[in-house]
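Notes follow once the structure below has been shown.
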């Protein structure tokens, strides 16, 4: 069973046509074959498909059924994530997508190890799209950056802003107040600097912690987002 | 700053002596030196130390201060985890320790990929101890197994038993009822079999889900435990 994201232009006459890079991935890498079931997601709807034809990198599938997409959380969580070394940031994008984060902004923080070029964004988008397929999301999370903390905060309007900080006195779970949208800012392995914390506070961020245990930078944002998404 | 677990016999006369494997790790691997601060945890208390002497693999430190250990969650969470392929199970032990799990039991499930020998337990214990040091826990989580699901359930008395199952109708966060202790049973990548779910239900397990998104087997138990531990 495959899961993929398509454009409305690919649906017509009860059929879905997938070619280009996605067709290549399905036909050549995943080797889907006629008869195989799958789901294509488009504009908030899930389309149940059955593959009827594979010609190299071009897949044709019959539309069996459609329904609203179910993979999105009702609480919207965006993550302003300080740049981490490669495998860690990749893990945050992958795990964060699986737990339901709806937008990522990579922030070039003072203590970030590494300074990714602007071109890195394409790689991040590919990781997030692949994770969205694997986790059966209803949309592909947006990714932006790398950019400064100030620029990232300019994009965070309209949501409750939380800054993860080990020395904060308020547990994250107690900062949940029924808001429909949260933005959580998570620093690098060495944490946010005092300057960065001031910038965050000036934008109304509430500093929160995840308890007295030290979580690795690659795990903390995933856990924080999961707690916000999974509120009863 | 180092963090280590010691026995009461290693404390005497305001000094702490660490030798053997731990002394080797501190002196030879981490290369602690006189003047370096650290914390040793013993029987629920944290001892602030300053290294005063290093002779090869033998560390002598002065006791500066002591206080109750702060790294343990007030909600106790144990994990019955189906055996996963090596790197995934290792990641569950490491991340699960960091979020606060207090005991792990490895379960040889019907759909487990791999059948670790009994000797694997020593490796698991080493991973958990190292993760407990890194995350500044107040105790080293217990690890047991591999064993059958029935044997594992015999160890789960006195706690609220939850079985993670994607098809369950109850979200995990809604199964939290103020219990002081939870045991959560998490299956392998292919999930629990119907037989295993029957066994779990017969022991009073409540089936719970983590929402409509598919989480990798290496991430689901960490997220589930974090949600239980971090209840406000």
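Remarks
- Peptide A:203-216, shielding by other chains (average Cβ, 10 Å cutoff): 5
- Among A:70, B:17, the order by Cβ neighbours within 10 angstrom, fewest to most, reads A:70, B:17.
- Shielding by partners, peptide A:126-137 (average Cβ within 10 angstrom, other chains): 2
- Relative contact order of chain B, taken over Cα pairs closer than 8 Å and 6 or more residues apart, is 20 percent.
- On Cα atoms only, tilt of A:120-134 relative to the major axis of chain A in degrees: 60
- For residue B:212, inter-copy label distances in nm, listed shortest first [label point 7 Å out on the Cα-Cβ vector]: 4.1
- A:90, B:177 arranged by Cβ crowding within 10 Å, fewest neighbours leading: B:177, A:90
- Least to most buried among B:2, A:104 (fewest other Cβ within 10 Å first): B:2, A:104
- Taking the label point 7 Å along Cα→Cβ, residue A:134 and its counterparts in the other copies are spaced 1.9 nm apart, in ascending order.
- Largest first and in whole Å, the equivalent-ellipsoid semi-axes of chain A read 37, 18, 14, each the square root of five times a Cα gyration tensor eigenvalue.
- Within a Gaussian network of chain B (alpha carbon springs, distance under 10 Å), most fluctuating of B:222, B:214, B:18: B:214
- Take the Cα of residue A:154, step 7 Å toward its Cβ, do the same at residue B:142, and the gap between the two points is 5.6 nm.
- Each other copy holds its own label point for residue A:33; taking that point as 7 Å from Cα along Cα to Cβ, the gaps run 6.4 nm, nearest first.
- Per-pair calculated FRET efficiency, R0 = 51 Å: residue A:31 and residue B:45 via Cβ, rounded to 0.05: 0.30
- Inter-probe distance in nm under a simple model that places probes 7 Å from Cα toward Cβ, at residue A:63 and residue A:123: 3.8
- Peptide-level mean, for B:186-194, of C-beta atoms on other protein chains within 10 Å: 0
- Overall form of the range B:9-83: oblate. Here a/c, set by the Cα gyration tensor axes a ≥ b ≥ c, is 1.5 or more, and a/b is not larger than b/c.
Each value in this text was obtained by applying a stated rule to the coordinates, not by laboratory testing. Fair warning: this is a prediction, and the values are worked out from it, not measured in the lab. All Cβ positions, glycine included, derive from the backbone under ideal geometry; neighbour counts span all protein chains shown.
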